[in-house]
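Visitor: Take this structure, written in structure tokens, and hold onto it; I'll ask about it next.
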Ligand code: GAR
């Protein structure tokens with residue numbers, strides 16, 4: 001009420017993004033944050049792969065980055081380092097964007113209700129890997145992507161938004177993935193913004 005009266009806007013949520021590779025969804029989130037009414041600011045892009053192309057993109061675009069390989073250490077120790085980097089950056093919500101590592105129950109519990117993921121299928125169909133090949137193999141008429149809350153169950157949390165893409169005759173997993181990815185880049189910023197405003 002007070003905000004409506006004064007016209008003041010809520011402070012932006014401080015978003016951390018976890019990636020493992022290319023980072024094109026991360027880039028779409030960073031680019032969307034340039035809009036004056038965007039409800040989040042990307043304060044950290046972190047990766048389990050120091051060589052991830054997305055880390056270089058983020059650094060070039062002025063976004064702080066953090067890399068920690070999990071190699072040679074217990075998972076709990078690796079996750080504690082990621083967690084510490086997120087907290088040091090003042091992160092309030094986490095977006096997984098092509099982060100290809102399972103988060104432990106303990107990590108999920110510490111960030112409960114504050115982690116979202118984008119998954120390349122129309123959940124609850126095709127949790128896990130090889131989603132497009134499985135959709136084509138099943139003879140599905142459409143594929144797509146889902147943004148969902150992260151819980152202890154792999155790709156099992158509440159779905160916040162979906163984009164649907166027709167499967168065309170002659171589609172391969174790669175051709176379908178490319179069309180779905182283009183929709184992911186629109187779906188993720190839009191759904192994340194709506195969720196943070198809700
Ligand atoms: C995206 O298609 C994303 O939905 C998928 O990996 C790709 C990452 O691309 N995520 C998963 O499969 C998670 N299980 P990007 O690095 O260019 O954003």
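Only the coordinates and a few stated rules stand behind these numbers; no lab work does. Note that the structure is predicted; figures quoted are calculated from it, not measured. Neighbour counts run over all protein chains shown; Cβ positions are idealised from the backbone, glycine included.
Visitor: Starting from residues that are touching a residue at least 40 places away in the same chain (Cβ under 8 Å) and out of contact with any helix residue (DSSP H, G or I) (no Cβ under 6 Å at 6 or more places or on another chain), keep the ones in the stretch 158-171 and report whichever is nearest to residue 190 (Cα to Cα).
Guide: Residues of the stretch 158-171 touching a residue at least 40 places away in the same chain (Cβ under 8 Å): 160, 162, 164.
From what's left, out of contact with any helix residue (DSSP H, G or I) (no Cβ under 6 Å at 6 or more places or on another chain): 162, 164.
On the way: 162: 11, 164: 15 Å.
If we take residues in the stretch 158-171 being touching a residue at least 40 places away in the same chain (Cβ under 8 Å) and out of contact with any helix residue (DSSP H, G or I) (no Cβ under 6 Å at 6 or more places or on another chain), then 162 is nearest to residue 190 (Cα to Cα).
Visitor: For residue 124, are the conditions met, namely being touching a strand residue (DSSP E or B) at 6+ places or on another chain (Cβ under 7 Å) and surrounded by fewer than 16 Cβ atoms within 10 Å (Cβ to Cβ)?
Guide: Values: touching a strand residue (DSSP E or B) at 6+ places or on another chain (Cβ under 7 Å): no; surrounded by fewer than 16 Cβ atoms within 10 Å (Cβ to Cβ): yes.
Against the criterion (touching a strand residue (DSSP E or B) at 6+ places or on another chain (Cβ under 7 Å) and surrounded by fewer than 16 Cβ atoms within 10 Å (Cβ to Cβ)), residue 124 does not qualify.
Visitor: Does residue 101 satisfy being within 22 Å of residue 27 (Cβ to Cβ) and surrounded by 14 or more Cβ atoms within 10 Å (Cβ to Cβ)? So that I can check it myself, show each step before the final result.
Guide: Working: within 22 Å of residue 27 (Cβ to Cβ): yes; surrounded by 14 or more Cβ atoms within 10 Å (Cβ to Cβ): yes.
Yes; evaluated as a whole, the condition is true for this residue.
Visitor: Out of curiosity, is residue 173 within 14 Å of residue 121 (Cα to Cα), within 13 Å of the ligand (Cβ to nearest atom) and more than 17 Å from the chain's Cα centre (by Cα)?
Guide: Working: within 14 Å of residue 121 (Cα to Cα): yes; within 13 Å of the ligand (Cβ to nearest atom): yes; more than 17 Å from the chain's Cα centre (by Cα): yes.
In short, yes.
Visitor: Within the set of pairs 6 or more residues apart or between chains, which connect a residue that is more than 16 Å from residue 163 (Cα to Cα) and touching a residue at least 40 places away in the same chain (Cβ under 8 Å) inside the stretch 123-139 to a residue that is in a loop (DSSP other than H, G, I, E, B) and within 12 Å of the ligand (Cβ to nearest atom) with Cβ atoms less than 7 Å apart?
Guide: Final answer for the pair search is none.
Visitor: Those residues that are more than 30 Å from residue 198 (Cα to Cα) and in contact with a strand residue (DSSP E or B) (Cβ under 6 Å, 6 or more places away or on another chain), I need them from the stretch 133-158; list them, please. Walk me through it before giving the result.
Guide: Here is the first cut: in the stretch 133-158, the residues more than 30 Å from residue 198 (Cα to Cα) are 133-141.
Listed by number, the list holds a single entry, 135.
Visitor: Kindly indicate whether residue 134 is part of a loop (DSSP other than H, G, I, E, B) and within 22 Å of residue 188 (Cβ to Cβ). Please lay out each step first, then the result.
Guide: Working: part of a loop (DSSP other than H, G, I, E, B): no; within 22 Å of residue 188 (Cβ to Cβ): yes.
No.
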